[in-house]
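See below for the structure under consideration.
The values are calculated or read from the model by the stated rules, or taken from the named source; none is laboratory data. On a predicted model such as this, the values are computed, not experimentally measured, just so you know. For neighbour counting, all protein chains shown are included, and Cβ atoms are generated from backbone atoms with ideal geometry for every residue, glycine included.
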Amino acid sequence: MPMLHLNRYGGPPKLHSAVESTFSAVWNAAGAERGLLPLSWHLAGPWSGAHFAASAAGHPAQHRREIVESWIVQLGLVDEMDPLTEPLLRCGDEMVWTGSVDGVTFQLTYPAEGTTWPSSPGEAAVPAL
């Protein structure tokens with residue numbers, strides 16, 4: 001029986017939560033084989049232009065950028081980068097890297113410079129002093 005969770009948009013439980021849990025486990029297992037730390041994976045929203053999105057939110061803030069950059073390299077996103085587009089953009093308090101490999105688009109995020117991230121859910125991110 002698939003695990004059903006409240007979807008992150010506040011609606012009723014959805015089967016996509018079970019799908020997200022499954023591919024998150026698969027991505028992280030594949031990453032572990034390459035020496036990568038796990039990321040928090042989810043299906044990207046239809047408005048984002050990406051298929052999969054991930055962040056290193058479960059890791060200490062000072063290591064998140066390095067963890068995400070390791071995934072970017074291992075996924076081959078650097079090799080497939082379109083030189084006419086900017087793959088890394090600041091969106092609020094996050095840096096968002098968007099790239100595609102074999103027609104699959106990923107968005108990976110980490111804290112922007114000068115942002116102190118919360119240590120637990122529910123706390124707000126604040127600019128570093």
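Scanning region 44-64 for residues that are at pLDDT 85 or above and surrounded by 17 or more Cβ atoms within 10 Å (Cβ to Cβ) gives Phe52, Ala53, Ala54, Ser55, Ala56, His59, Ala61, Arg64. Filtered by the rule that a residue be assigned to a helix (DSSP H, G or I), of a type in the set (Val, Ile, Thr) and out of contact with any Pro (no Cβ under 9 Å at 6 or more places or on another chain), region 68-93 gives Val68, Val73.
Just for region 1-43: of the residues that are of a type in the set (S, T, N, Q) and outside any loop (DSSP other than H, G, I, E, B), which one is modelled with the lowest pLDDT? The residue in question is Ser17.
Each residue in region 30-43 was checked for being surrounded by fewer than 16 Cβ atoms within 10 Å (Cβ to Cβ) and of a type in the set (A, V, I, L, M), and 2 pass.
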